[in-house]
Amino acid sequence: MKEKWLTTKNLVLMGMFGALAAVLMLFEFPLVFLAPSFYGLDLSEVPVLVGAFSMGPAAGVIIEFVKILIKLVMKPTTTGFVGEMANFVIGCSLVVPAAMIYHTKKSKKSAIYGMIVGTIVMALSSIVINAVVMLPFYSKVMPLESIIALGAAINPAVSNIWTFAIICVGPFNLVKGVVVSIVTQLVYKRISNLIHSVNRDQKSGGR
């Protein structure tokens, strides 16, 4: 049997959440007190988290994937798909733990706890992915010494690729996770109620 979440309605919702996330991905702003300006904070994970809370962690992964696909249609890659792949993995590292914890016992407390854990996992994974994949890739466009110098201008303790990732990238993603979690907490109940209302209307109309 197909999983309960893999219904026509949920597939449509995944597409809608993915499209909204892709649009939000285009609007970002830097946190220059934490990381160089080429790291931009966006709210694209909010629709992904909402969808994952509503339909489960697997749905969150699908929404994350749809987000990247639609973003590539609207704005082609400038990183040979490396940036998009990193965004997908880092986004899933927030969404999947948060949704898994929430779905063990659906409550406001578990949602908050899940987002805290997801934020920490995202920050840690972003450090490793940037140090191992992203920064070596970008060093082909901008010398690694210049990237590290930008980080050192923000925090003198930055001296190499790993200190850059730990001091700049990690805290940046911690802040991003906190902002995304707060916004998700504010909008999830309303969106969830709207989805449930549509479900009730469809059931009553089919009688």
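Determine whether LEU34 is outside any helix (DSSP H, G or I), more than 14 Å from the chain's Cα centre (by Cα) and not hydroxyl-bearing (Ser, Thr, Tyr). Before the answer, list the steps.
On the way: outside any helix (DSSP H, G or I): yes; more than 14 Å from the chain's Cα centre (by Cα): yes; not hydroxyl-bearing (Ser, Thr, Tyr): yes.
It is true that LEU34 is outside any helix (DSSP H, G or I), more than 14 Å from the chain's Cα centre (by Cα) and not hydroxyl-bearing (Ser, Thr, Tyr).
What is the number of the single condition among (1) out of contact with any Gly (no Cβ under 6 Å at 6 or more places or on another chain); (2) surrounded by fewer than 21 Cβ atoms within 10 Å (Cβ to Cβ); (3) assigned to a helix (DSSP H, G or I) that GLY80 does not meet?
(3)
Taking region 11-53, which residues are more than 30 Å from GLY151 (Cβ to Cβ) and surrounded by 20 or more Cβ atoms within 10 Å (Cβ to Cβ)?
The answer is LEU13, MET14, PHE17, GLY18, LEU20, PRO47, VAL50, GLY51, ALA52, PHE53.
Kindly provide the set of residues from region 152-180 that are small (Gly, Ala, Ser) and closer than 13 Å to LEU31 by Cβ, ordered by number. Can you show your working first?
Within region 152-180, the first condition is being small (Gly, Ala, Ser), and the residues that meet it are 152-153, 157, 159, 165, 170, 177.
The answer is GLY170, GLY177.
Is there a residue in region 103-111 that is touching a Gly at 6+ places or on another chain (Cβ under 7 Å), assigned to a helix (DSSP H, G or I) and over 23 Å from ILE68 (Cβ atoms)? It would help to see each step written out before you state the result.
Narrowing region 103-111 to residues touching a Gly at 6+ places or on another chain (Cβ under 7 Å): 103.
Going one step further and asking which of them are assigned to a helix (DSSP H, G or I), we end up with 103.
Subset that is over 23 Å from ILE68 (Cβ atoms): 103.
Yes, that holds for at least one residue.
For region 156-172, check the following and say yes or no: at least one residue is surrounded by 17 or more Cβ atoms within 10 Å (Cβ to Cβ), outside any helix (DSSP H, G or I) and either in contact (Cβ under 8 Å) with a residue 40 or more places away in the chain or touching a Cys at 6+ places or on another chain (Cβ under 9 Å) (or both).
The answer is yes, given that some residue of region 156-172 is surrounded by 17 or more Cβ atoms within 10 Å (Cβ to Cβ), outside any helix (DSSP H, G or I) and either in contact (Cβ under 8 Å) with a residue 40 or more places away in the chain or touching a Cys at 6+ places or on another chain (Cβ under 9 Å) (or both).
Step by step: first the residues of region 20-50, then only those that are within 15 Å of GLY91 (Cα to Cα) and among the small types (Gly, Ala, Ser), then the one that is modelled with the lowest pLDDT. Which residue is that?
So the residue we want is GLY40.
Restricting attention to region 150-188, which residues are of a type in the set (S, T, N, Q) and either over 30 Å from VAL50 (Cα atoms) or touching a strand residue (DSSP E or B) at 6+ places or on another chain (Cβ under 8 Å) (or both)?
Restricting attention to region 150-188, the residues satisfying the condition of being of a type in the set (S, T, N, Q) are 155, 159-160, 163, 173, 181, 184-185.
The answer is ASN155, SER159, ASN160, THR163.
Taking region 54-85 on its own, how many of its residues are at pLDDT below 95 and of a type in the set (Phe, Trp, Tyr)?
Matching residues across region 54-85 total 1.
Right, TYR102: buried (at least 16 other Cβ atoms within 10 Å of the Cβ), farther than 30 Å from ALA152 by Cβ, hydroxyl-bearing (Ser, Thr, Tyr) and touching a residue at least 24 places away in the same chain (Cβ under 8 Å) or not? Reasoning before the result, please.
Values: buried (at least 16 other Cβ atoms within 10 Å of the Cβ): yes; farther than 30 Å from ALA152 by Cβ: yes; hydroxyl-bearing (Ser, Thr, Tyr): yes; touching a residue at least 24 places away in the same chain (Cβ under 8 Å): yes.
Spelling it out, TYR102 is indeed buried (at least 16 other Cβ atoms within 10 Å of the Cβ), farther than 30 Å from ALA152 by Cβ, hydroxyl-bearing (Ser, Thr, Tyr) and touching a residue at least 24 places away in the same chain (Cβ under 8 Å).
For the condition surrounded by 17 or more Cβ atoms within 10 Å (Cβ to Cβ) and either in contact (Cβ under 8 Å) with a residue 40 or more places away in the chain or closer than 28 Å to ALA22 by Cβ (or both), what is the one hit in PRO136, PRO97? Step through it out loud before you land on a result.
Values: PRO136 fails: surrounded by 17 or more Cβ atoms within 10 Å (Cβ to Cβ).
Testing whether each residue is surrounded by 17 or more Cβ atoms within 10 Å (Cβ to Cβ) and either in contact (Cβ under 8 Å) with a residue 40 or more places away in the chain or closer than 28 Å to ALA22 by Cβ (or both) leaves just PRO97.
Report whether or not ALA58 is in contact (Cβ under 8 Å) with a residue 40 or more places away in the chain, closer than 23 Å to LYS108 by Cα, surrounded by fewer than 22 Cβ atoms within 10 Å (Cβ to Cβ) and out of contact with any Ser or Thr (no Cβ under 9 Å at 6 or more places or on another chain).
Working: in contact (Cβ under 8 Å) with a residue 40 or more places away in the chain: yes; closer than 23 Å to LYS108 by Cα: yes; surrounded by fewer than 22 Cβ atoms within 10 Å (Cβ to Cβ): yes; out of contact with any Ser or Thr (no Cβ under 9 Å at 6 or more places or on another chain): yes.
For ALA58, the condition - in contact (Cβ under 8 Å) with a residue 40 or more places away in the chain, closer than 23 Å to LYS108 by Cα, surrounded by fewer than 22 Cβ atoms within 10 Å (Cβ to Cβ) and out of contact with any Ser or Thr (no Cβ under 9 Å at 6 or more places or on another chain) - is met.
Among (1) in contact (Cβ under 8 Å) with a residue 24 or more places away in the chain; (2) surrounded by 19 or more Cβ atoms within 10 Å (Cβ to Cβ); (3) under 21 Å from SER44 (Cβ atoms), where does GLY114 come up short?
The failed condition is (1).
The values are calculated or read from the model by the stated rules, or taken from the named source; none is laboratory data. It should be emphasised that the depicted structure is a prediction, and the values quoted were computed from it without experimental measurement. All Cβ positions, glycine included, derive from the backbone under ideal geometry; neighbour counts span all protein chains shown.
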